[in-house]
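First the structure, in the form of structure tokens, and then the observations on it.
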Amino acid sequence: MAFLSIRDLDLHGKRVFIRVDFNVPLSKDGGEILDDTRIRETLPTIEFALRAKAKVILAAHLGRPKGQRVESMSLRPVVDRLRMLLDADLGASRNVAFSPDCVGLIAEELVSNLEHGQALLLENLRFHPEEEANDEGFAKKLAALADVYVNDAFGAAHRAHASTEGITKFVAQSAAGLLMEEELNYLGKALEQPDKPFVAIIGGAKVSDKIDVIDNLLNKVDAIIVGGGMAYTFLNAKGQKTGKSLLEADKIDVAAAALKKADDKGVRFLLPVDHVLADRFAADAHTEILDGTGDFPDDKMALDIGPKSIEVFVNEIKDASTIVWNGPMGVFEMPAFAKGTLAVAEAVAGNVDATTIVGGGDSVSAVHMAGVEDRITHISTGGGASLEFLEGKTLPGVAALTQK
Ligand code: AMP
């Protein structure tokens, strides 16, 4: 990797500021953590720093408090969970302290009280409007707490905020944490030196959200599979009328251009060849299968790919050596329309010889729904960040790391 890693730093006795992704779903009142995956994912980095006898300062955002203190978006519940998880892993009781503000006298005093091998979690960075504004004075205040900086929050790396970008200008070294490093290694290799054949599977509701990803991946892949709501705009571009299915009429041209680009580059562009049609958008809708390239009835909408499409897609997935998957093949939240997405999840996991990378909240949920998470090479933690990475964009939080 071209960037400094936490493994390259001398951490002993140093104040290490680690930007983490603790943006966990909370109950409405903010009292209870509904899913602690994000906390668990960054434990290796935190434990690495604690074992190296660093003084660990953890900083994160939670939700969208819009620059104000909002009690239901406090990181306080995260401290208890973090203590529990660190105790379970490291054996000894680790007293993780909490600072009710991320800057100012209280934060400074708590940092100066830190012993080697102890951690302090700072309150939600976004309680200050200066965080998202990437304010220089605020970035300096954060930097003043630390000797070195580590970014382990891949999920926030596509934002140029004070804690992801600004701060790096005022510390001597800025390194990637272990999770960040893993994300960059897997996604970077897929884009730069993928084992071939490379197959991308792109789904979800909107062409407009994913067209830049499709466009960039068309330069890299051998085949691209497109399913989900966005597929119907592509089918319209090929002349098929798709009834009441999702359609972005103003993106038909863009879809046609992507199909042409695939053709010019010799990339196989796979669209669904049959469809599960419903009479309305509901879990108990009346359904039928429509096969082939004929127009859909005007009053029907496609909510999943059909059995033949599954067969075609699974065949393509089976022979791939690198697979990147982002976005569901249908309305997988409703069991009647989850078959296509679950079949893709199983096929991706079933190709044990391939490097398989899944990103985006919905595809990650589908992988869990199918119970195949253990057989995926890399599940990306950053939805928006992984999309921007796949678009070929430079993430500000990554670009700001110190070059090796
Ligand atoms: P995205 O956030 O763009 O990845 O889209 C994910 C959402 O697209 C999920 O909530 C799916 O239910 C929805 N979706 C997938 N396929 C379809 C479809 N054929 N019609 C309507 N919505 C769909």
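Readers should treat all values here as calculations from the given coordinates under stated rules, not as data from a laboratory. Being a predicted model, the structure only gives us computed values, none of them experimental. Neighbour counts are summed over all protein chains in view; Cβ atoms, including those assigned to glycine, are modelled from backbone coordinates with ideal geometry.
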Item to check | Under the Debye formula (equal points on every Cα, no solvent term), log10 I(q)/I(0) of segment 194-322 at q = 0.14 Å⁻¹ | outcome: -0.59
Item to check | Pair Ala2, Asn185: separation of 7 Å Cα→Cβ label points (nm) | outcome: 1.9
Checklist outcome for this item: Largest fluctuation, Asp264, Asp101, Asp215 only, Gaussian network model of the chain with Cα springs under 10 angstrom, belongs to Asp264
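Indicate, rounded to the nearest 5 percent, the antiparallel portion of the DSSP beta bridges found entirely in the chain. It would help to have the intermediate numbers written out before the result.
Values: 11 of 49 bridges.
Counting only bridges with both partners in the chain, antiparallel ones make up about 20 percent.
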Item to check | Rg in Å to one decimal, and Dmax rounded to a whole Å, for the chain via C-alpha atoms | outcome: 23.0, 71
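Rounded if a/c is under 1.5, else prolate if a/b beats b/c, else oblate: with a ≥ b ≥ c from the C-alpha gyration tensor eigenvalues square-rooted, which is segment 1-86? Mind dumping the intermediate values first?
On the way: a/c = 2.23, a/b = 1.92, b/c = 1.16.
Verdict is prolate for segment 1-86.
Can you give the direction-averaged projected area of the convex hull of the alpha-carbon atoms in segment 26-148, in nm²? Mind dumping the intermediate values first?
Numbers: hull surface 29.6 nm².
The number I arrive at for segment 26-148 is 7.4 nm².
Determine the dipole magnitude for the chain: charges of +1 sit on the beta-carbon of Lys and Arg, -1 on that of Asp and Glu, nothing else is charged, the reference point is the Cα centre, and the result goes in debye to the nearest 20. Spell out each step's value before the answer.
Numbers: 43 positive and 60 negative charges, 145 e Å.
The dipole magnitude comes to about 700 debye.
If R₀ is 25 angstrom, what is the calculated FRET efficiency for the pair Asp353 and Ile289, using the beta carbon separation as r and rounding to 0.05? It would help to have the intermediate numbers written out before the result.
Working: r = 32 Å, r/R0 = 1.29.
Step by step, r from the Cβ atoms, then E = 0.20.
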Checklist entry - Taking Cα centroids, how far is segment 326-343 from segment 106-166 in Å? => result 39
Item to check | 5 angstrom amide H check on Phe3, placed H, neighbours 5+ away | outcome: Lys404
Item to check | Helix-only CD estimate at 222 nm, as mean residue ellipticity for the chain, using -39500 (n - 2.57) per DSSP H run (n ≥ 4) | outcome: -10000 deg cm²/dmol
Checklist entry - Any idea how far apart Asp250 and Ile106 come out in nm if each label point goes 7 Å out from Cα toward Cβ? => result 4.6
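Working out 0.36 nm times the residue gap between Met334 and Arg51, then minus their Cα-Cα distance, what length gain in nm do you get to one decimal? Mind showing how you got there, number by number?
Details: separation 283, 0.36 × 283 = 101.88 nm, distance 4.53 nm.
In short, 97.3 nm is gained.
What pairs in Lys206/Lys339; Lys220/Lys244; Lys244/Lys318 have C-alpha atoms more than 26 Å from each other? Can you show the working numbers first?
Numbers: Lys206/Lys339 20 Å; Lys220/Lys244 33 Å; Lys244/Lys318 32 Å.
Violating the 26 Å Cα-Cα cut-off are Lys220/Lys244; Lys244/Lys318.
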Next on the checklist: Pairs on different chains or at least eight residues apart, Cα atoms closer than 29 Å: how many lysine pairs in segment 6-179 fit?
Outcome noted: 17
